[in-house]
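Undergrad: Input: one structure, supplied below.
The values are calculated or read from the model by the stated rules, or taken from the named source; none is laboratory data. Being a predicted model, the structure only gives us computed values, none of them experimental. So basically every Cβ, Gly included, is an ideal-geometry build from the backbone, and we count neighbours across all protein chains shown. All accessible areas refer to the heavy atoms of the entire protein, side chains included, with ligands and DNA or RNA removed. Shrake-Rupley method; radii C 1.70, N 1.55, O 1.52, S 1.80 Å.
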Amino acid sequence: MLNLSRPDLFKQQAYINGQWVDADSGETIAVRNPATGAVLGTIPKMGATETRRAIEAAATAQKQWRRLSAKERAVILRRWFDLMMTHQDDLARIMTLEQGKPLAEAKGEIAYGASYLEWYAEEGKRAYGDVIPGPAHDRRIVVIKEPVGVCAAITPWNFPSSMITRKAGAALGAGCAIVVKPATQTPYSAFALAVLAQEAGVPEGVFSIVTGSASAIGEEMTSNDIVRKISFTGSTDIGRLLMAQAAPQIKKISLELGGNAPFIVFDDADIDAAVEGAIVSKFRNMGQTCVCANRLYVQRGVYDAFVEKFTAKVAQLKVGDGLQAQVTQGPLIDQAAVEKVKEHIEDAVAQGAHIALGGKAHELGGLFFEPTVLTHMKSSMKVAREETFGPLAPVFAFENEDEVIELANQTEYGLAAYFYSRDIGRVWRVAEALEYGMVAINSGLLSNEAAPFGGVKQSGFGREGSHYGLDDYLVIKYMLMGGI
Ligand SMILES: NC(=O)c1ccc[n+]([C@@H]2O[C@H](COP(=O)([O-])OP(=O)(O)OC[C@H]3O[C@@H](n4cnc5c(N)ncnc54)[C@H](O)[C@@H]3O)[C@@H](O)[C@H]2O)c1
Ligand SMILES: O=C[C@H](O)CS(=O)(=O)O
């Protein structure tokens, strides 16, 4: 089933302090392929005691790791990057088997995730400080940046590899050690990263993976005072919980949370380009990304033309097992995800929406769902307020700029927003008026290692990627030199 060139990349044990280990209890959790329902394997069902061991090992390892120069750490991170790219096909196959995304997308995620190791290998060398002219002749002010210390990360199932390297790259580049808990649905991509980290020379204890009881592991991470920094990517509800759990020790925390992205097409847009952008933004990972277009707003004058072209393109999407060639839409992650899409469709239709395409579970059965386009939408519908996280494209009409900006901002989320316009004045007005951490203009994709990825409002805070992402793993120390 696995057909890997490197079968050793598929591990069924967690990775703590450079050792592959089972849970203390010997208990395991089964992991299934969402396309077939078949059991892929098991993983250790760990809890607080194993997590504590990983954290204590990280504390020991980090003392040496931070003493290396940024350049010495960069050599190891670069080697890890090279190994990821060398084994891209195997890593992608493991990801498709456990998460469902088509192989081409999985390969893309491996390259995307590896790019953060490449980026932070170099960015770690630029943790610059300051020398500031002091207020007195006999004093000097020096500011340096230091690694925050032992970090803990909790990551989601929808990007099983890149959400880990987006954190670990910055943490290790800054001189920190990190303990990671991946999503239970997609642990094997994380274990494969650990195999390659070990091969790259990441010292034992600097990068560990624990799997099992999310709440028990999370409670240990947020309550253990060795941990100085928590980085979480996932739902807003869990992010809120972790923030509360980390508060008593005032731990540094980064939260990459839920989204509800508007995708706006003005009447001066390049409609064909907007259609292409909408397909990419809406249907990447079967609509299961935090930055997917959740609401499409099209100005009245071009609404019919956009709907016709967009629907024709959506009809070309091919649903199936992600391992099969030509498949562009895999299964959803679980039955709850399928039910959420159905709920949003049923609610919209009950309020007058029309189904232009799709609208029901796919004939393949299981977790497959038809890519769906809805028209005749209203703001009162659930899909206008809630993150669907599935292959549902609701197309709302709007009359003017002020109206659509108000509609776009009517959400507690603030992660990503997209709009298409070729009017330079409108581009600046709308980009500045949208209350989001990231705004893509005339593009349906905005994620890359050079840019600061993150949100505002209840989509969280902190940034990943760019030099801003390194700051999340550094602390500032000011040294006052007197008596000169
Ligand atoms: N902003 C981003 O970059 C980003 C990226 C991916 C996903 N997300 C969001 O995540 C959601 C979907 O992903 P999901 O279903 O994996 O989210 P989730 O919050 O259910 O799970 C995320 C991670 O948290 C863990 N977790 C769950 N309960 C926990 C607890 N009590 N204590 C500690 N850890 C716990 C899970 O095991 C998983 O590893 C969506 O809302 C999506 O928008 C955001
Ligand atoms: O789900 C949200 C992730 O951050 C995906 S990506 O960074 O846009 O690839």
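Undergrad: How large is the accessible surface per residue of the chain, computed with a 1.4 Å probe and reported in Å² as a whole number?
TA: That works out to 39 Å² for each residue.
Undergrad: Also: State, to one decimal in nm, how far the label point of ASP267 lies from the label point of SER223, with both points 7 Å from Cα in the Cβ direction.
TA: 6.1
Undergrad: Computed on alpha carbon atoms, what radius of gyration and Dmax characterise the stretch 346-385, expressed in Å?
TA: Every Cα atom of the stretch 346-385 included, Rg and Dmax give 11.1, 32 Å.
Undergrad: Next question, about the same structure. For the stretch 346-484, go through all pairs of different Cα atoms, get the mean of 1/r, take its inverse, and jot down that Kirkwood value in Å. Kindly include the intermediate steps, with their values, before the conclusion.
TA: Working: mean 1/r = 0.0549 Å⁻¹.
By the Kirkwood definition, the hydrodynamic radius is 18.2 Å.
Undergrad: Ignoring any ligand, DNA or RNA, what whole percent of the accessible area of the chain comes from carbon and sulfur when the probe is 1.4 angstrom?
TA: Values: 9980 of 18690 Å².
Roughly 53 percent, rounded to a whole number.
Undergrad: Could I ask something else about it? Only helical DSSP H runs with n ≥ 4 go in: add -39500 (n - 2.57) per run for the chain, normalise by residue count and round the 222 nm mean residue ellipticity to 500 deg cm²/dmol.
TA: Using -39500 (n - 2.57) per qualifying helix, the result is -12000 deg cm²/dmol.
Undergrad: Only sites in a loop by DSSP and with at most 11 other Cβ atoms within 10 Å count here; which GluC sites (Glu not before Pro) in the stretch 334-407 make the cut?
TA: GLU363, GLU399
Undergrad: State the Cα centre-to-centre distance between the stretch 389-457 and the stretch 1-77 in whole Å.
TA: 37
Undergrad: On to the next question. How many percent of DSSP beta bridges within the chain run antiparallel, rounded to 5?
TA: Counting DSSP beta bridges with both partners in the chain, the antiparallel share is about 40 percent.
Undergrad: As a test of the definition: which semi-axes, in Å, follow for the stretch 272-349 when you take the square root of five times each eigenvalue of its alpha carbon gyration tensor? Largest first, please.
TA: Semi-axes (√(5λ), whole Å): 23, 17, 11.
Undergrad: List, in order, the whole-Hz ³J(HN,Hα) value for each residue of the stretch 323-328 obtained from phi through the Karplus relation with A = 6.51, B = -1.76, C = 1.60 and θ = phi - 60°; use x for Gly and Pro.
TA: Those phi angles translate into 6, 7, 4, 6, 6, 10 Hz.
Undergrad: Using 16 Å as the cut-off for backbone N distance, which residues of the stretch 255-272 belong to the label zone defined by a point 7 Å from the Cα of LYS378 along Cα→Cβ?
TA: None, by backbone N distance to the label point.
Undergrad: Over the alpha-carbon set of the chain, work out the extent along each principal axis and list the three values in angstrom, largest first.
TA: Answer, in whole Å and largest first: 72, 62, 39 Å.
Undergrad: Going 7 Å from the Cα of VAL39 in the Cα-to-Cβ direction, what parts of the stretch 1-28 have a backbone nitrogen less than 12 Å from that spot?
TA: 28
Undergrad: Solvent-accessible area of SER443, probe 1.4 Å, all protein chains present, reported in Å² to the nearest ten, please.
TA: 40
Undergrad: Convex hull over the alpha-carbon atoms of the stretch 431-484: what's its volume per residue in Å³?
TA: 150
Undergrad: Taking the Cβ-Cβ separation of LEU2 and VAL349 as r and a Förster radius of 35 Å, what is the calculated FRET efficiency to the nearest 0.05?
TA: It comes to 0.25.
Undergrad: Taking the Cα atoms of the stretch 1-94 alone, what are Rg (to one decimal) and Dmax (as a whole number) in Å?
TA: Final numbers for Rg and Dmax: 16.6, 48 Å.
Undergrad: Which far-off residues, 5 or more places away or on another chain, put their amide H under 5 Å from the one on ALA356, with H placed in the peptide plane?
TA: Here VAL373, LEU374, THR375 satisfy the definition.
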